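For reference, the structure I am asking about is given below.
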Amino acid sequence: MTVRIATFNAENLFRRPRVFALPGAAERRRTLEDFAALVALLDHAVYTAADKKRIAALLEKYDVPSAQSKTRPILVNETKGGAKLYKVRKGGAVEIAAEGRTGWVGWAELVRDDVDQEAVHNTARVIAEIDADILLTVEVEDRLTLHRFNAQVLAAQGAGRYPFNLLIDGNDSRGIDVGLFSRLPVTALRSHIFDVDPARPLFSRDCAEFEIQLPDGEPLWLLGNHFKSKGYGKPAESAEKRRLQAQRVRQIYTAALKRSSRVVVAGDLNDTPDSEPIGLLLRARMKDVMSHRGYTGAPGTYGTGQSVKQKIDYLLLSPELWKRVETVDVERRGVWAPNTFPSFDTVTSKANQASDHGALYADLAV
């Protein structure tokens, strides 16, 4: 029997942080960096005068105090009746009232907007077209969203529903997680959200381990990942984070091989095949499906995919699974790249594209 395994960065199913709709990459990066700085500052046990000044400046910069704002990308949630983080003086200046993290109850988060309805249906069209038996979903909101997308949107595409969908909320403050759609029984789930380096979470999202029962009765372990992005933060620190994540995934993979010879490391690893993080994984006797002789397409998975520098999505197989590979392909028609390859007729711009990632899949004889 052939089993199709796939990974797809869907860039959220129904609701996406407003910051990602900003027109310029530089503006998106600055906003995300400021958000990360704000979250870090708010977590300080004691707010120094410099902390308070910086927090107030960030709240003012992004119009956070204005509950009526239609464009603010960041908000601060505070519990009703509890101590407050800040107050707004006459004239609009923000004053930080709390003296530290225990002085108020709440958190900062990114404001979300609904994903374009056409984009939602184009995402479903990609998933329906690849028709995977096991699909790792990257950048999705939560398990109930997976369930609703499965029951409502995929059904509208005429796609067969997935009887199993799983997701554990990860460490990303933007609420983007890795999840799973499967037509085969999921018999175990392990999370690594509590792995640390050395005192903060190691995984930007999670390295979720899914045990899936194959038709021949043997287990397959899929390790779902979304490594640290290159999109914001200091490049050297981001690269080191991905290296440490890859090093830990290699350890988890080695442990999984003791439970089954059928192991897959999948997801958006945010680095190229010649990078040190990917090298760490490949040197652990994992094989990248796009290196299989049966794959003849473009080298990348992101954007136009025409360069190996655009390869950041992976299905890495253990030796036992590698010898079972029949076909490998990337479904790109959900991406808008009119000068490079044809898109679905329903994809007419970047605004309604399914994602800027193709969906990578492989057929395995099991």
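The values are calculated or read from the model by the stated rules, or taken from the named source; none is laboratory data. Bear in mind that the values here come from a model prediction, so they are computed numbers and not experimental data. All Cβ positions, even for glycine, are placed from backbone atoms using ideal geometry, and neighbour counts span all protein chains on display. Calculation scope for accessible area: heavy atoms of the full protein, side chains included, ligands and nucleic acids excluded. Shrake-Rupley method; radii C 1.70, N 1.55, O 1.52, S 1.80 Å.
With the Cα gyration tensor of region 86-126 giving a ≥ b ≥ c as the square roots of its eigenvalues, does the rule (a/c under 1.5 for rounded; else a/b larger than b/c for prolate; else oblate) give rounded, prolate or oblate?
Numbers: a/c = 8.11, a/b = 2.62, b/c = 3.09.
Oblate is the answer for region 86-126, as a/c is 1.5 or above yet b/c matches or exceeds a/b.
Expressed as a rounded percentage, what relative contact order does the chain have, with Cα pairs under 8 Å and six or more residues apart? Numbers along the way, then the final one.
Working: 783 pairs, mean separation 67.6, N = 366.
Relative contact order, the chain: 18 percent.
Need one number: nm distance between label points at HIS44 and ARG283, each 7 Å from Cα along Cα→Cβ, rounded to one decimal.
Each label point lies 7 Å from its Cα, and together they span 4.0 nm.
Could you check how much of the accessible area of region 295-366 is carbon and sulfur, as a whole percent, using a 1.4 Å probe? If you can, show how the numbers build up before the last one.
Details: 1500 of 2900 Å².
Carbon with sulfur: 52 percent of the solvent-accessible area.
In terms of the Cα gyration tensor, with a ≥ b ≥ c the square roots of its eigenvalues, is region 30-94 rounded because a/c is under 1.5, prolate because a/b exceeds b/c, or oblate?
The shape class here is rounded.
If you take the alpha carbon radius of gyration of the chain and divide it by 2.2 N^0.38 Å, what ratio comes out, to two decimals? Please list the in-between numbers first.
Working: Rg = 21.4 Å, N = 366, 2.2 N^0.38 = 20.7 Å.
So the chain has a normalised radius of gyration of 1.03.
Same structure again: Might you tell me the accessible area per residue for region 1-132, computed with a 1.4 Å probe and given in Å²? Mind showing how you got there, number by number?
On the way: 6780 Å² over 132 residues.
That works out to 51 Å² for each residue.
Could you look at region 18-77 and say what percent of its accessible area is carbon and sulfur, using a 1.4 Å probe and all protein chains?
Details: 1770 of 3220 Å².
Of the solvent-accessible surface of region 18-77, carbon and sulfur hold 55 percent.
What is the magnitude of the charge dipole of the chain about its Cα centre, with +1 placed on the Cβ of each Lys and Arg, -1 on the Cβ of each Asp and Glu, and no other charges, expressed in debye to the nearest 20? Write down the numbers at each step before the final one.
On the way: 51 positive and 47 negative charges, 165 e Å.
The calculated dipole for the chain is roughly 800 debye.
A further question follows. On a 0 to 90 degree scale, rounded to 10, what angle separates helix 49-61 from the longest Cα axis of the chain?
70 degrees
Along the positive direction of the dipole of region 89-167 (beta-carbon charges: Lys, Arg +1; Asp, Glu -1; about the Cα centre), which of VAL115, ILE130, GLY158 reaches farthest?
Toward the positive end, the furthest listed residue is VAL115.
Among all the lysines, which ones have a C-alpha under 26 Å from LYS90's C-alpha, if same-chain residues fewer than 8 places away are not counted?
LYS52, LYS53, LYS61, LYS70, LYS80
Which of ILE55, ILE74, ILE127 ends up with the largest GNM mean-square fluctuation for the chain, with Cα atoms connected below 10 Å?
Highest fluctuation among the options: ILE55.
So, one more: Cα centroids of region 324-366 and region 74-125: how far apart, whole angstrom?
So the two Cα centres are separated by 35 Å.
Using only Cα atoms and rounding to the nearest 10 degrees, what angle (0 to 90) does helix 117-130 make with the longest principal axis of the chain?
Tilt of helix 117-130: around 30 degrees.
Also, quick follow-up: Could you compute the net charge surrounding TYR295? Neighbours are other residues with a C-beta less than 12 Å from the C-beta of TYR295; K and R count +1, D and E count -1.
On the way: positive: LYS287, ARG293, LYS311; negative: ASP288, GLU326, ASP329, ASP363.
Once positives and negatives cancel, what remains is -1.
Which of VAL308, VAL126, VAL140 moves most in a GNM of the chain, Cα contacts under 10 Å?
VAL308
On to the next question. Roughly what % antiparallel, to the nearest 5, for the DSSP beta bridges in the chain?
Working: 53 of 64 bridges.
Of those bridges, close to 85 percent are antiparallel.
For helix 25-42, what angle does its Cα long axis make with the longest principal axis of the chain, in degrees from 0 to 90 and rounded to 10?
It is inclined by approximately 60 degrees.
Would you compute, from DSSP H runs of 4+ residues alone, the mean residue ellipticity of the chain at 222 nm, taking -39500 (n - 2.57) per run and dividing by the full residue count, rounded to the nearest 500? Kindly include the intermediate steps, with their values, before the conclusion.
On the way: 7 runs with 85 residues, N = 366.
Result for the chain, helices only: -7000 deg cm²/dmol.
Accessible area per residue for region 282-348 in Å², computed with a 1.4 Å probe and the full protein assembly in place, what is it?
Numbers: 3320 Å² over 67 residues.
Ligands and nucleic acids excluded, the figure is 50 Å² per residue.
Work out, step by step, the length gained on full extension between ARG293 and GLU326: first 0.36 nm times the residue separation, then minus their alpha carbon distance; give nm to one decimal. Working shown, then result.
Numbers: separation 33, 0.36 × 33 = 11.88 nm, distance 0.99 nm.
Full-extension gain reported as 10.9 nm.
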